[in-house]
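The values are calculated or read from the model by the stated rules, or taken from the named source; none is laboratory data. Please read all numbers here as calculations on a predicted model, not as lab measurements. Positions of Cβ are backbone-derived with ideal geometry, glycine not excepted, and every protein chain shown enters the neighbour counts.
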Amino acid sequence: MRGRTPLYMVDSIPQSTPLRDGKRSGYTIDPAFVDRVEVVYGANAIQGVGATGGVINYVTVAAPESGDWLNRISLELTTDDFKKNGFHYKASALTATKLGLFDFVLGATFDKRDLYYDGKGRPVGVDTTQGDTMDTQAWNIFAKLGFDLDEDQRLEFMANIFEQEGDGDYVVVPGSIAAGIPATSVKGVPPGDPTYNDARNFALTYRHSNLVGGVLTLQGFYYDFYALYGGDTFPVFQDPSIAPVGTLFDQSALSSEKYGAKLTYAREDT
């Protein structure tokens, strides 16, 4: 509603960076480890951290309650228009099971992407300033360890380390709206260092599923995020007191660190 920014979360850990909305909060975990996505519409202050446009919570994969093994191995090859630099590769592996009172989920992914092409076979213009998913490689390590203290109480630890880095192999060729020509990409080295994301999530959660007829959840979390954006000699950032006009190179980064605790109690039919 009204273009407000949602709060992104991974297992209730806030991923958004409202002090500088860098537009990278929705991609801090590989979809291979996401079991479902919860969407809460409308602004709310329950979670804090700028949920003016609702909440999007990525709920990660859990171990089977039955004690069976969950094993997934995936090798993917996709292509855009069968161009030699339009092939993308991905490998992922995940294993999970429950052993008595103990359960675990372990997984890893690697994803390498080259150029994207449009329906007419033209390479899509790469965004070397804000960052892009094409011309990148990413890896993700995920772990979730759980222990049932008794039939009602549970302790769970989750760790997720995600990194995506641009290869810096292409530069954009500007298009023309008046002429109906889209921006495209050609081989080249963009100025500065390639863009990248580095996200690290850790959480320890205690849950009591039958406390005075309700559910008590206590979670402590830590989140460390760093994002590098593309640089250039932007006219708006030139300062002759620092360097001659047209030579001052600017490349910005976003560094965000969060830690905290949440205490929740929910009871139906109160």
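Given (1) in a loop (DSSP other than H, G, I, E, B); (2) within 30 Å of the chain's Cα centre (by Cα); (3) of a type outside the set (D, E, K, R), identify the lone condition not met by Ala203.
(1)
I'm checking my understanding of the structure. Among residues of segment 79-112 that are touching a His at 6+ places or on another chain (Cβ under 9 Å) and modelled with pLDDT under 95, which one is surrounded by the most Cβ atoms within 10 Å (Cβ to Cβ)? Break it down stepwise before answering.
Start the filter on segment 79-112 by keeping residues that are touching a His at 6+ places or on another chain (Cβ under 9 Å), which leaves 79-80, 111-112.
If we keep only those that are modelled with pLDDT under 95 as well, we get 79-80.
Numbers: Thr79: 12, Asp80: 19.
Here the residue is Asp80.
Being over 20 Å from Ala199 (Cβ atoms), touching a residue at least 12 places away in the same chain (Cβ under 8 Å) and in a loop (DSSP other than H, G, I, E, B), is that true of even one residue in segment 90-113?
Yes, segment 90-113 contains at least one residue that is over 20 Å from Ala199 (Cβ atoms), touching a residue at least 12 places away in the same chain (Cβ under 8 Å) and in a loop (DSSP other than H, G, I, E, B).
Among the residues of segment 27-46 satisfying the criterion of being closer than 18 Å to Phe221 by Cα and in contact with a Phe, Trp or Tyr (Cβ under 8 Å, 6 or more places away or on another chain), which is surrounded by the most Cβ atoms within 10 Å (Cβ to Cβ)? Don't jump to the end; show me each part of the working.
If we filter segment 27-46 for residues that are closer than 18 Å to Phe221 by Cα, which is where we start, we get 28-29, 46.
Then drop every residue that is not in contact with a Phe, Trp or Tyr (Cβ under 8 Å, 6 or more places away or on another chain), which leaves 28-29.
Details: Thr28: 27, Ile29: 22.
Filtering segment 27-46 for residues that are closer than 18 Å to Phe221 by Cα and in contact with a Phe, Trp or Tyr (Cβ under 8 Å, 6 or more places away or on another chain), the one surrounded by the most Cβ atoms within 10 Å (Cβ to Cβ) comes out as Thr28.
From the residues in segment 114-156 that are part of a strand (DSSP E or B) and among the aliphatic types (A, V, I, L, M), which one is farthest from Lys90 (Cα to Cα)? Explain how you work it out, then say what you get.
Step one: filter segment 114-156 for residues part of a strand (DSSP E or B), giving 117, 123, 136-148, 153-156.
Pick out the ones that are also among the aliphatic types (A, V, I, L, M) and you get 138, 141, 143, 145, 155.
On the way: Ala138: 9, Ile141: 14, Ala143: 19, Leu145: 25, Leu155: 33 Å.
Here the answer is Leu155.
What is the residue count in segment 1-39 for residues that are of a type in the set (Ser, Thr, Tyr) and under 17 Å from Phe142 (Cα atoms)?
Residues of segment 1-39 of a type in the set (Ser, Thr, Tyr): 5, 8, 12, 16-17, 25, 27-28.
This time we only want the ones that are under 17 Å from Phe142 (Cα atoms), so: 12, 27-28.
Number of matching residues: 3.
All but one of (1) over 17 Å from the mean Cα position of the chain (by Cα); (2) closer than 29 Å to Leu94 by Cβ; (3) of a type in the set (Val, Ile, Thr); (4) surrounded by 15 or more Cβ atoms within 10 Å (Cβ to Cβ) hold for Thr17; which doesn't?
(1)
Looking only at segment 157-200, which residues are β-branched (Val, Ile, Thr), closer than 14 Å to Gly230 by Cβ and in a loop (DSSP other than H, G, I, E, B)?
Going through segment 157-200, the residues β-branched (Val, Ile, Thr) turn out to be 161, 171-173, 177, 181, 184, 186, 189, 195.
Filter again for closer than 14 Å to Gly230 by Cβ, leaving 171-172, 189, 195.
Once the filter is applied, which keeps residues that are β-branched (Val, Ile, Thr), closer than 14 Å to Gly230 by Cβ and in a loop (DSSP other than H, G, I, E, B), segment 157-200 yields Val189, Thr195.
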